[in-house]
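Inspection log for the structure reproduced underneath, given as structure tokens.
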Amino acid sequence: MGFKPKAITEEVNVSKVNPLIDFAYLLGVIISLTLVIYFILGLAVDWVVPQLSPQQDVRIGEILAPAVAPQLGGELIQDDTRQAYLSELLEELRHPGDLADIPLTLNLVETELVNAAALAGGQLFVTTAFLEQVESENELAFVLSHELGHLSARDGLKSLGRGIFVLLGSMVLNLGHQGSGTDVIGYTLNLNRLNYSRAQEYRADEYGLESVVRHYGHGDNSLDFFIRLAARKEAFPEGVIRASEYFQTHPLTEKRIEHLKAIAAEQGWSMTGEITPVPPDLACANFACDENPSDS
């Protein structure tokens, strides 16, 4: 009986293919790579931010600035004499030699939300509702210098997280210039997502109290704004919208206040002294609460 070879077909040595399995495998690889890149970018933020030049910091601040006022529920005020007063006070509170290559810009926002924020590039935002709540220049100075502390440490940039890479990409592509790239900037900046760590808040607090003590010779009355709003929030935890907006990005605890008192004692800073009043009619545009438009 002779050997008769079997006819070879095209299917020999060809594995069976299941398109669904192949698609699932490919999708799994893509998702895994995406998660790895996402994780790496998150870790890279704290390394990348300190490497940014002052010029890049300023540019990022310029890109973000137009998106801040709408997120605070208002609009920027132009040509208000209160800005000059606040800007001068801000400069006086700056630590010597700190932020030397970054100009400070005080932005006043007309809104009913009590808030103050500093993001990047020397851009600091203060709301009119906040000015209505201030009862002394000492407490005003502490809030401003606290925000200076965040600017000095670039906490605002770090809090953007992976969004910082979106911003850097927009700078390379020249987005966010002259009104372009609005969607990119809106995605990157969300004030409701900006949460500072306890260490960042403590550091900004210490910066702020040191600034106040250096400027006034003591830290008395400087914490009154925080203490007052904290008491209101505790009494009406669900109802004080105007107060809670500030705490959403600046969580305040009794431990922070006690920490500041401990730092003052440790450094030998006086916490008693004369109160410095704010200018009359600080709560009103151009310091003119009594001005009646109908009389003009």
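Give the range 127-151 a look and list any residue that's under 13 Å from Ala117 (Cβ atoms) and polar (S, T, N, Q), or say none.
The one that is under 13 Å from Ala117 (Cβ atoms) and polar (S, T, N, Q): Thr127.
Does the range 157-167 contain at least one residue that is aromatic (Phe, Trp, Tyr), part of a helix (DSSP H, G or I), surrounded by fewer than 23 Cβ atoms within 10 Å (Cβ to Cβ) and modelled with pLDDT of 85 or more?
Looking for residues that are aromatic (Phe, Trp, Tyr), part of a helix (DSSP H, G or I), surrounded by fewer than 23 Cβ atoms within 10 Å (Cβ to Cβ) and modelled with pLDDT of 85 or more, one finds none in the range 157-167, hence no.
Say whether the condition of being charged (D, E, K, R) and in contact with a helix residue (DSSP H, G or I) (Cβ under 8 Å, 6 or more places away or on another chain) is met by at least one residue in the range 58-65.
yes
Just to be sure, is Ala283 out of contact with any Pro (no Cβ under 7 Å at 6 or more places or on another chain), crowded, with 18+ Cβ neighbours inside 10 Å and at pLDDT 85 or above?
For Ala283, the condition - out of contact with any Pro (no Cβ under 7 Å at 6 or more places or on another chain), crowded, with 18+ Cβ neighbours inside 10 Å and at pLDDT 85 or above - is not met.
Taking the range 60-88, which residues are charged (D, E, K, R) and either under 17 Å from His150 (Cβ atoms) or buried (at least 19 other Cβ atoms within 10 Å of the Cβ) (or both)?
Arg82
The values are calculated or read from the model by the stated rules, or taken from the named source; none is laboratory data. Since the model is a prediction, treat every value here as computed from it, not as a measurement. Here Cβ is always computed from backbone atoms with ideal geometry, including for glycine, and neighbour counts include all displayed protein chains.
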